[in-house]
Amino acid sequence: MTSDLVQSVHLWPVDIPITDPFVVATGARIIAQNMFVRVTLENGSCGYGEAAPFPEVGGEDRATCMEVATKLASSLLGQSAGGYEQVAATLRRAAPANPAARCGLETALVDAHCRSRGIPQWALWGSADVRERETDITIPICDADKTLALARAWHARGFRQFKMKIGHDVEEDIRRLRLVHQALRDVAFIGDGNQGYSREECLAFAQGVKRF
């Protein structure tokens, strides 16, 4: 029987251009500075994972992810991929403040385990759930014209749930959402403030959008 022990862990950075600037209440991003992970088992199976840090929200950046993941990677060597739950617990104790770095390693390990067994990842947890689902699309913080242009473009592609980034200016955020609502009456909204509002501002936003 071939061994499912971890033989090597390889990390490398990747820059992914973002179609439109991703602006939230706490910062902006035009390039996703992520990290890829490859876990190789002694039986030759390889699994892949990704760390996608967003320092403006979680505090981790890619440099931190690379540094932490490099240190954590040594603890995976010689471990059974089938023991991914125990490995994940060990990583969590070692780096509780670095979930993005841990995520890249854990997902690569689980992927390697599934590939070693010749099963898709959904089979690891029982069965495939193939019900139809509706997802949202994020509209970043931008001026009213850009907001409306993005909303119309995504609407034309079939999206009917918009996650509106808010948190800079309550009245302007209400205005942006109202403009989209007036132009596209069949969409639903999620207001995502990313900790940009005080309690009072959050209540003011909720009351403001209730008017329409």
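Roughly how many debye, to the nearest 20, is the charge dipole of segment 81-212 about its Cα centre, given +1 on each Lys and Arg Cβ, -1 on each Asp and Glu Cβ, and no other charges?
Dipole magnitude for segment 81-212 comes out near 240 debye.
May I ask you to work out the translational diffusion coefficient for segment 90-147 at 20 °C, viscosity 1.002 mPa s, via Stokes-Einstein with Rh from the Kirkwood sum over Cα pairs, reported in whole µm²/s? Kindly include the intermediate steps, with their values, before the conclusion.
Working: Rh = 15.2 Å.
Reported coefficient: 141 µm²/s.
Using the alpha-carbon atoms, what tilt in degrees (0 to 90, nearest 10) does helix 199-210 show relative to the longest principal axis of the chain?
60
Report the gain in length on full extension from Ala156 to Ala63: 0.36 nm times residue separation, minus Cα-Cα distance, nm rounded to one decimal.
Value of the extension gain: 29.7 nm.
Sum -39500 (n - 2.57) across every DSSP H segment of at least 4 residues in the chain, then divide by the residue count to get the 222 nm mean residue ellipticity, nearest 500.
Working: 8 runs with 89 residues, N = 212.
Calculated from helices alone, the mean residue ellipticity at 222 nm is -13000 deg cm²/dmol.
With a probe of 1.4 Å, find how much accessible area the chain has per residue, and write the answer as a whole number in Å².
56
What order do you get for 85-97, 69-81 when each peptide is scored by the mean count of other beta carbon atoms within 10 Å, highest first? Let's see the in-between values first.
Values: 85-97: 13.8, 69-81: 17.2.
Descending packing order for the listed peptides: 69-81, 85-97.
For segment 36-155, what is the Kirkwood estimate of the hydrodynamic radius, computed as the reciprocal of the mean inverse distance between distinct Cα atoms, to one decimal in Å?
Its Kirkwood hydrodynamic radius stands at 16.6 Å.
Grab every C-alpha pair in segment 148-203, bin the distances at 10 angstrom width from 0 up to the longest one, and report whole percents.
In order of increasing distance, the bins hold 23, 53, 22, 2 percent.
Please quote Rg/Rh for segment 5-71 to two decimal places, taking the Kirkwood radius as Rh and restricting both calculations to Cα atoms.
Using only Cα positions, Rg/Rh for segment 5-71 is 1.09.
Can you match Cα extents along the principal axes in Å to one of these, [x] 65, 36, 29; [y] 51, 43, 35; [z] 70, 40, 32, based on a calculation from the structure here?
[x]
Is there a quick way to get the dipole size of segment 145-192? I mean about its Cα centre, with the Cβ of Lys and Arg at +1 and of Asp and Glu at -1; what is the value in debye to the nearest 20?
Rounded to the nearest 20 debye, it is 280 debye.
Counting pairs of alpha carbon atoms under 8 Å apart in space and at least six apart in sequence, what relative contact order in percent does segment 108-212 give?
Reported relative contact order: 24 percent.
Can you give me the angle between helix 170-183 and the longest principal axis of the chain, using Cα atoms only, in degrees from 0 to 90, rounded to the nearest 10?
The helix 170-183 is inclined about 80 degrees to the chain.
By how many degrees, between 0 and 90 and to the nearest 10, does the Cα long axis of helix 144-156 differ from the longest principal axis of the chain?
Approximately 60 degrees, to the nearest 10.
The values are calculated or read from the model by the stated rules, or taken from the named source; none is laboratory data. This is a predicted model, so every value here is computed, not measured. Note that we place each Cβ from the backbone using ideal geometry, even for glycine, and neighbour counts take in every protein chain shown. Heads up: the accessible areas ignore ligands, DNA and RNA and are worked out on the full protein's heavy atoms, side chains in. Shrake-Rupley method; radii C 1.70, N 1.55, O 1.52, S 1.80 Å.
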